[in-house]
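Below you'll find the structure, written out as structure tokens, and then a few comments.
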Amino acid sequence: MENNKQKEQDFLVASISQLSISGSSSPPAVARFRSESLRFDSESDSSESVQFDLQNCQLFKLGPFQSLCLSEASDMNKEKSYSKGITIQFRNEEESSAFHCAFEQWKKEVVVQESSLANGMVSSSTSKFDDKIEASSAKMYFHYYGQLLHQQNMLQDYVRTGSYYAAVLENRVDFTDRVVVDVGAGSGILSLFAAQAGAKHVYAVEASEMADYARKLIAGNPLLGQRITVIKGKVEEVELPEKADILISEPMGTLLVNERMLESYIIARDRFLVPSGKMFPTLGRTIPGVGLGDSWEINIFVTCAQHFPVVDNSFVCPCRIHMAPFSDEYLYIEIANKALFWQQQNYYGVNLTPLHGTAFQGYFSQPVVDAFDPRFLVAPATSHVIDFTSAKEEELYEIDIPLRFVSSIGTRIHGLACWFDVLFDGSTVQRWLTTAPGAPTTHWYQLRCVLSQPIYVMPGQEITGRLHMIAHKAQSYTLNLTLSAKMWGPGAEQGGILQTSSGKFDLKEPYYRMSQPQAYPLSQEQQPNQLLQTQDLQVQSQDEEGSDLLQQVV
């Protein structure tokens, strides 16, 4: 039986026998791994214990159920000698294999943490992570990812997990006999994938308590686990005994950048990756448009062809954030109606209306996370590229994206829709992971910033604006969005703005709507602009919203 605690791991063994006492064996004992030691305690007599220093002991397999543990003596002559030893009897071969795997894991971690290595920046008492992230946010973040239920949520995102598995296993040539660093390893699943692909060794770096669960999972897969070392700590602080040939990570958050783990991914690149090393996910480049009929990407191309630029029958495929204006009257009314509570003038004798305006703007400050029908988009998307292989960490502190669209239809624009995709640039297969609307839904869904004041556009009218993203210490971003409708029709070439709407959103506090794309109530043959035009309602100014209007149910 095995108990996994922080800095602790216990195994029940059938018996132990000290080499100095011939024929003497103990009753069942508990082998206890601690931060730097391995101690064997008799279950019947707590005073009988044997302790080994993990850094100076060796474990040898004598048979399927029996092993030998020896403690090295000080190196007086150049011959290796041992000061004490015990034989360990296991109850079955499976427990023997798990114990050996755990022994290697604990021993490697002790060696790594105690080595004086000049690999990357020297750790200080206050790391770069601590300087830019407030302690309360970091505590909540690592607590969240230290729980198995949240890891299960990500593992059960089969688009995410399957894409990583395919990207790694289809590119064995990139992993075979290579040193891999798994940045933010979580449960250790990507480390195990890398080991399946033939990695020489994998260093799984994880700062949360999930590192202990990862160690347990890896120990339960000994054929793979013998080539994986779990290191508990932040990539900004830990030291590794060697450079990596390839980095693998899942650093993407909502809108790609939420949680600010991309910065840690880039820091790991600068600290640990060899100059010619690979990153999974990696950079953007042009990919020939072949083989799409065998995968779901062709459906995205057909459904939202205007969102993916094509050059000479090739997709331009960077790691990028996509943005497009959308029209969704139902969503707009849903958000606005939330503030109706604050229009009550006699709530247990209290007039709540003084807070209505603040509540109204508060609800519209939440980005909406859900899956939506791509037909809500009213213009071809624009993209912002982040090249993980060359981007600087500081470039992610503030991201300023100019926006320019041409409306395909006449309608009312309610805000900006965003999603992202990343590329695994393997030597054999280049594989996509996308969160686009119309694609199989992922746990990231899509994100929409809904403006409290929509703007009207006509077909062919130009829409300009800016999305300004500023990182903050709560491991997220403040989003400042402005959209403007430019002059349209005769005289439009002279410029000028007809309408402007802006909003400020906190990416840390989204509205998790997370519904599946809503079905259109009209026939599939009806054009999207016909539906959107039927939703064109009058809206009062944001300072004097009418409750009667907002209570209308479409």
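The values are calculated or read from the model by the stated rules, or taken from the named source; none is laboratory data. Just so we're clear, the structure is a prediction, and the values are computed from it rather than from any experiment. Ideal geometry is used to build each Cβ from the backbone, glycine not excepted, and the neighbour counts take in all protein chains shown. These accessible areas exclude ligands, DNA and RNA; they are computed on the full protein's heavy atoms, side chains included. Shrake-Rupley method; radii C 1.70, N 1.55, O 1.52, S 1.80 Å.
Please report the spacing between the Cα centers of the range 437-492 and the range 203-254 in Å, no decimals.
Between the Cα centres of the range 437-492 and the range 203-254 lies a distance of 38 Å.
Which of the peptides 356-364, 324-332, 414-422 is most tightly packed, and how do the rest follow, going by the mean number of other Cβ atoms within 10 Å of each residue?
By packing density, highest mean first, the sequence is 414-422, 324-332, 356-364.
For the range 141-266, which whole percent of the accessible surface, found with a 1.4 angstrom probe, sits on carbon and sulfur atoms?
That share works out to 53 percent.
Once the whole set of protein chains is in place, how much accessible area is left on T428, using a 1.4 Å probe, in Å² to the nearest 10?
Spelled out: T428, probe radius 1.4 Å, area about 90 Å².
When the chain is fully extended, how far beyond the present Cα-Cα distance does D53 get from T87, taking 0.36 nm per residue of separation?
Full-extension gain reported as 10.6 nm.
By accessible area of protein heavy atoms, probe 1.4 Å, what ranking do E395, E250 get, highest first?
Descending accessible area places them as E395, E250.
Mean separation of Cα pairs under 8 Å and 6+ residues apart, divided by the residue count of the range 326-396: what relative contact order is that in percent?
33 percent
Treat each spin label as a single point 7 Å out from the Cα along the C-beta direction, and report the Y330 to K61 distance in nm.
In this crude label model, Y330 to K61 measures out at 5.9 nm.
How far apart, in nm, are the 7 Å Cα→Cβ label points at M154 and L169?
According to this spin-label approximation, the distance is 2.1 nm.
What shape does the range 179-242 have by the C-alpha gyration tensor, where a ≥ b ≥ c are the square roots of the eigenvalues, rounded means a/c under 1.5, and otherwise prolate means a/b greater than b/c and oblate the rest?
Cα axes put the range 179-242 in the oblate bin.
Could you calculate the contour length gain from Q344 to D177, that is, 0.36 nm times the residue separation minus the distance between their Cα atoms, to one decimal place in nm?
Roughly 53.3 nm would be gained on extension.
Keeping all protein chains in place and using 1.4 angstrom, which order do S44, S96, S49, S17 fall into by accessible surface area, from largest down?
S44, S49, S17, S96
Label points 7 Å out from Cα along the Cβ direction at L12 and T353: separation in nm?
About 7.1 nm separates the two model spin labels.
Ranked by accessible surface with a 1.4 Å probe, highest first, in what order do D53, D10 come?
The ordering from most to least exposed comes out as D53, D10.
At 1.4 Å probe size, with every protein chain present, just tell me what the per residue accessible area of the range 376-499 comes to in Å².
With the other protein chains kept in place, the range 376-499 gives 35 Å² per residue.
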